1. Taking 0.36 nm per residue of separation and subtracting the Cα-Cα distance, what length does fully extending residue 30 through residue 121 add?
2. Please report Rg over Rh for the stretch 46-133, where both radii come from the alpha carbon positions and Rh follows the Kirkwood definition.
3. Determine, for each peptide in 127-134, 81-88, the mean count of other beta carbons within 10 angstrom over its residues, then list the peptides with the highest first.
4. Quickly rank 114-122, 37-45 as a protection proxy: mean count of other C-beta atoms within 10 Å, highest first.
């Protein structure tokens with residue numbers, strides 16, 4: 001997909017498709033872990049609803065990223081047909097999938113909502129971690145090899 005092959009031209013690697021990829025991958029791992037826990041402690045329907053909500057949430061982020069990339073292109077080269085197509089697909093797939101999950105009788109609503117909001121949790125925690133590293137409260141883990149992390153006492 002174009003979102004993953006798009007290369008940034010600037011030096012800021014904190015934004016763009018690579019940042020979206022760095023959000024989607026931890027979200028997928030957390031979804032698998034939380035769905036397994038939901039399956040063990042709640043039921044298979046809760047796990048399925050959680051995975052479904054997470055997939056819809058991730059698709060929402062991907063479509064929003066594609067939409068913003070198309071809109072932020074220079075106004076002379078904007079392709080309005082592509083923008084309309086992406087928006088139509090987003091409405092059909094994301095909102096249709098979300099409505100289908102919520103209407104389905106056996107799907108617990110709390111699982112769908114939890115899965116859909118997992119991506120927001122990942123974004124918030126990544127932003128909080130970057131803010132803590134930037135403030136100096138939390139070390140970034142980068143080492144020049146001279147520090148010793150063991151105490152010899």
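1. 31.7 nm
2. 1.10
3. The densest-packed peptide leads the list: 81-88, 127-134.
4. By packing density, highest mean first, the sequence is 114-122, 37-45.
Quick note: the coordinates plus some simple rules give every number you see, no bench work behind them. The shown structure was predicted, so the numbers you read here are calculated from the model rather than taken from an experiment. For neighbour counting, all protein chains shown are included, and Cβ atoms are generated from backbone atoms with ideal geometry for every residue, glycine included.
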